[in-house]
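Here is the structure we will look at.
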Amino acid sequence: MKKATCISFGFIWIVSFTFQLHAEDGYRLWLRYDRIENDDLRTYYQKQLESVWLLDTSATGKVIHDELVRGLEGLLGTTVHWENKLGDHQLVIGTRGQWPAFLAPSLLKELEALPREGFILRTMVVRDHPVILLVGASPAGTLYGVFHFLQMVQMHQSLEGVDHQEAPRLQIRMLDHWDNLDRTVERGYAGFSIWDWHRLPDYLDPRYLDYARANASIGINGTVLTNVNANHLILRSDYLDKVKALADLFRPYGIKVYLTARFSAPVELGHLPTADPLDPRVRQWWRDKAAEIYARIPDFGGFLVKANSEGQPGPQNYHRSHADGANVLADAVQPFGGIVIWRAFVYSDKSPEDRAKQAYQEFVPLDGQFRHNVLVQVKNGPIDFQPREPFHPMFGAMHKTPLMMEFQITQEYLGQGTHLVYLGSLWEEVLQADTYASGPGTTVARTLEQGPDPYLTGMAGVANIGTDRNWTGHLFGQANWYAFGRLSWNPEQSAASIAEDWIRLTFSNQPVVRKTVREMMMNSWETCVNYMTPLGLAHLMATGHHYGPGPWVNDLSRPEWNPVYYHRADAGGIGFDRTATGSNAIGQYAQTVQDSFGSPEKCPEQYLLWFHHVAWQTTMKSGFTLWESLCQHYDAGVAGVRHMITAWESIRSDIDPERYDQVRMMLTIQQREALWWRDASIAYWQSVNGLNLPPGTDPPRHNLDYYQSLSFPFAPGIKP
Ligand code: BDP
């Protein structure tokens, strides 16, 4: 890679020097701003951007100023010329309310109609001056527009006749950090938590600002700093001072801070004898706590709560409902404009009911009982964040309660920190699934966008960020962070187009790189599903850390923690009967969905064993038996990783050596682990069905005992 050192400006030299210190370690994410190598192109942009007039004087205006300096000076290799009056070839940037009427009055009208975080970007002539106008409906909207503009330049797009208007389709676009106060990260595979609680509030790690920049650049406007398996200490005054320091840093980037609330905090922190949500002392405690928080952080977002789930305390400890629990917190934050996000990820060790049915059964009857400032956060599928699940039946099932999507960006069940799996495809499949809840076309995305309250719509992603220099452990984990942000802004976007943008911003605009990497990414999810859990299988991971295969596990205390609970393989067949002859989980979907998923013939094969128990010898659409087909999927998975390696190697000369090697080494791990998944799974299924391997199928490299004997006591991300 040529470096910008040939440029004589001192500023550029310093920037370049810093980059060289860390070379291409991935720290800069998709905000690289490297100098445009093509002279003609660079000159074109320089001519279009003779000066910048920045009219936004808010704290966000300062952020915009700094980002433009960084971006334009990096990309164009020249100093930004700031001007406080109209000029030719000028980028004019402002915000509703601070926009002088003489500047394109027609814009003012359009601005009226623009939602709060929207922006307009337009090339036009104002008083004989050819200019590019960028105006946001709020400072955050303007900042989003600035990032959009910089990305256009990064992607070498023309500024001719630009006429672009955008606003987010979902209002709450947030990252959920499963970060503990001791800096371990539950299900984190990229080092430790970036929140340095011990040194906060006085020491402000510069990384916090880069975190805020990265999030703002993809439209993320909320961050939950702490793990859903919550520690009450985060609500203690000294910790709230630390939270305030972060909230102050993030505010100019349009990012609000949220915290997880441990339901029993009134007991642990407030020394009350109970946390019963209907007890007046408990209600007062939460009100006082909210007032204490808002005194420090006037725009505090609110609370995220995991209650009565996997051992967490909750209202049911006091024989109250989830609505009672959510409402006590909602009442506490309501005077300050706060919200409560209550998670629907619940299942009971007491109930013999199919785990896939339990969230729906608990929550749908409560529709209408939640306060107006409560959202219920629902995982994309009915069990957990499995490699592939059908969409959660709660989407479209609650008409009075805003539902928020919860995706997992960190790859707990998808290869963790070492597998290249582009999750944009998974999320697209879920978002575009038709719930038929209000007739055809009621996709999951629509149910999110058109909930009962237009101000309470949203999407959360469990973050994959840590202290690793490249933020996400695997370089391609960055693509998942990026894609999540883009989809939370507009859930209708295609995974392929988002991948394309990420590649251009992160690696190169060269067609060969774009094509090769896009193909790698777009095939990667299916590849992973193939070697881990093909044909609708799920939850076959080893115990605790969920690293590697463990389909044989059957000795955990709770039945639904055991993989055998999910696959139900026996000598006759495999799969979970969720039709009327089984658990009837299918009954929670709309009739049209039931008609398809509920019939083994019509059910899309990717969900077959999720809904049906199928005999090993059943003939599939391909003409092969289920057993043969299963083996083929495992082989396709292993071959898919091999293809990724060949593809990556083919563009070696187009990628800088450092990032090339990082990814190449990870692919080696992935190849080994894909084979491990395949072999261990086939060895186990054979031990159950006693069938010979289909002709042409390689035998597993080891016997089942070997796979069962493997242990990984220090695998990362374990739940404490
Ligand atoms: C599961 C994770 C566990 C989380 C839980 C949750 O294994 O660590 O606490 O989800 O979402 O997938 O609460």
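The values are calculated or read from the model by the stated rules, or taken from the named source; none is laboratory data. Only a predicted model underlies this, so the values are computations on that prediction, with no experimental measurement involved. Cβ atoms come from the backbone with ideal geometry, glycine included; neighbour counts cover every protein chain shown. Heads up: the accessible areas ignore ligands, DNA and RNA and are worked out on the full protein's heavy atoms, side chains in. Shrake-Rupley method; radii C 1.70, N 1.55, O 1.52, S 1.80 Å.
Quick rundown of the values:
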read-out: Net charge of Cβ neighbours under 12 Å - reference Ala330; Lys, Arg +1; Asp, Glu -1; value: +1
read-out: Accessible surface of the stretch 444-547 [probe 1.4 Å, protein heavy atoms]: carbon and sulfur percent; value: 49 percent
read-out: Listed peptides 585-593, 299-307 by packing density, highest first (mean Cβ within 10 Å); value: 299-307, 585-593
read-out: The stretch 164-223: Rg to Rh, with Rh as the Kirkwood radius over Cα pairs; value: 1.05
read-out: Percent of beta bridges antiparallel (DSSP, the chain, rounded to nearest 5); value: 30 percent
read-out: Under 11 Å, Cβ to Cβ, from Glu449 - net charge with Lys/Arg +1 and Asp/Glu -1; value: +1
read-out: Apportionment of accessible area to carbon and sulfur, the stretch 212-328, percent (1.4 Å); value: 49 percent
read-out: Overall Cα dimensions of the stretch 542-693, principal axis frame, Å, largest first; value: 57, 37, 33
read-out: In nm, spacing of pseudo-spin labels at Glu353 and Asn692 (7 Å Cα→C-beta vector); value: 4.7 nm
read-out: Burial ranking of peptide ranges 199-206, 465-472 (average Cβ count within 10 Å, highest at the top); value: 465-472, 199-206
read-out: Solvent-accessible area per residue for the chain (1.4 angstrom probe, square angstrom); value: 37 Å²
read-out: Neighbourhood net charge (14 Å Cβ-Cβ; Lys/Arg +1, Asp/Glu -1) for His164; value: -3
read-out: For the stretch 82-103 and the stretch 356-388, distance of Cα centres in Å; value: 47 Å
read-out: MRE, 222 nm, helices only [DSSP H, n ≥ 4, -39500 (n - 2.57), over the chain, to nearest 500]; value: -12000 deg cm²/dmol
read-out: Diffusion coefficient, µm² s⁻¹, Stokes-Einstein with Kirkwood Rh over alpha-carbon pairs of the stretch 405-559 at 20 °C and 1.002 mPa s; value: 126 µm²/s
read-out: Sorted peptide list for 676-685, 77-86, criterion being average Cβ within 10 angstrom, highest first; value: 676-685, 77-86
read-out: Value in Å of the Kirkwood radius, where the chain supplies the Cα pairs that are averaged; value: 26.9 Å
read-out: Relative contact order, percent, the stretch 32-125 [alpha-carbon distance under 8 Å, six or more residues apart]; value: 33 percent
read-out: Relative contact order [Cα under 8 Å, 6+ residues apart], the chain, whole percent; value: 11 percent
